[in-house]
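To keep things clear, I will list the structure first and then write my remarks on it.
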């Protein structure tokens, strides 16, 4: 069913249709779609346009990213520039997963060097350069890793980069793809997912917001929750099949809400804290986000870095987009552009605030009072530095 568009988005779509070569119109449309309340709005709007008529690789990549976010990989492939190749591997009931080339590598991620080092040691080496050495020690490649941290700090991007580094197929598993109102359907979907993934090894199964599928059973004693958790645990154990060459990667903002059974060996037994970007990472993110945009010569990225301590990567992206909105508003036309300036960022900083503080306040309680097994040691160390 086609999603009706709001008047502003609908009129902008018509404007792009009438003059597809005018980049300013498409850029403005993409900004509107970035705040769309529903994925179907993005799909409906961009589905009406001719991607080939857009000559800007930058704008096509932005459109493809929005469509990826809206879970429309086939339409995203039409928009993605020819230079950004992807490999799609069919998995799970005909749905598709980003395959060996996700288009994102570790070099594209600002900061998180300690996290990358842990990921290389715990995950990538068993799959690649040291695979033979692991076999000599009878150490199997695979298992599970849980990434946790504040929202918007790059957990999903890390997962996609990891698939690229490992040279494996990649499947993004969402609770909406699994859960069902009818008893037994969720369990069948889990079994089918693991069966087809085993046929495409080596593979990464990425469970984003994993708490939706792996919540503590005492939080909800309903039979449906218990059976879904049990089915997922059984498949992760490889009870019905061999899971070697399969990596289970989970991402969550609330690791304390996961059922304790998921922390046992062979499941999500390795935990990695993904912190907000540090000073160097923030500079990297700002430069990447501003690359290709009209920027004032005196724009001070160093000043922006100083003013955004505690911002997540997503917060920084929102800050750049908001400053861009102000610059577009000040521009008279696509021929008389007002470049993004310090003044635009000053306005944007009044509007865009860090979303990390509330999470850190909640996380501190678990780091202080629920860390008997050392699960939150990295978080506790970060909080000590953050408090200074």
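Please treat every number below as a calculation from the coordinates, not as lab data. On a predicted model such as this, the values are computed, not experimentally measured, just so you know. In this analysis, Cβ positions are derived from the backbone assuming ideal geometry, glycine residues included, and neighbour counts consider all displayed protein chains.
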For 256, 79, which order do you get if you count the other beta carbons within 10 Å of each Cβ and list the fewest first?
256, 79
Of (1) 4, 20, 29, 27, 14, 4, 0; (2) 5, 24, 34, 25, 10, 1, 0; (3) 5, 20, 25, 18, 13, 10, 6, 2, 0, which one was derived for P(r) over Cα pairs in 10 Å bins from 0, in percent from the structure shown?
(1)
Peptide ranges 293-301, 39-47 listed from the most packed, as the mean C-beta count within 10 angstrom indicates:
39-47, 293-301
For 281-289, 172-180, 332-340, 146-154, ranked highest to lowest by mean beta-carbon neighbours within 10 Å, the order is 146-154, 281-289, 172-180, 332-340
Estimated FRET transfer efficiency (residue 23, residue 136; beta-carbon r; R0 45 Å; 0.05)
0.20
What length, rounded to one decimal in nm, is gained on full extension from residue 176 through to residue 365, with 0.36 nm per residue of separation minus their alpha-carbon distance?
65.0 nm
How high is the FRET efficiency from residue 301 to residue 183, r the C-beta distance, R0 51 Å, rounded to 0.05?
0.40
Listed peptides 209-215, 325-331 by packing density, highest first (mean Cβ within 10 Å):
209-215, 325-331
Alpha-carbon centroid distance for the pair the range 138-204 / the range 299-329, whole angstrom:
32 Å
What length, rounded to one decimal in nm, is gained on full extension from residue 48 through to residue 377, with 0.36 nm per residue of separation minus their alpha-carbon distance?
113.4 nm
May I ask you to work out the translational diffusion coefficient for the range 7-84 at 20 °C, viscosity 1.002 mPa s, via Stokes-Einstein with Rh from the Kirkwood sum over Cα pairs, reported in whole µm²/s?
177 µm²/s
Ratio of the range 106-273's C-alpha Rg to 2.2 N^0.38 Å, to two decimals?
1.01
Computed FRET efficiency, Cβ-Cβ of residue 121 and residue 74, R0 45 Å: what is it to the nearest 0.05?
0.80
Using Cα springs under 10 Å in a Gaussian network model of the chain, which residue among 194, 262, 366 shows the largest mean-square fluctuation?
366
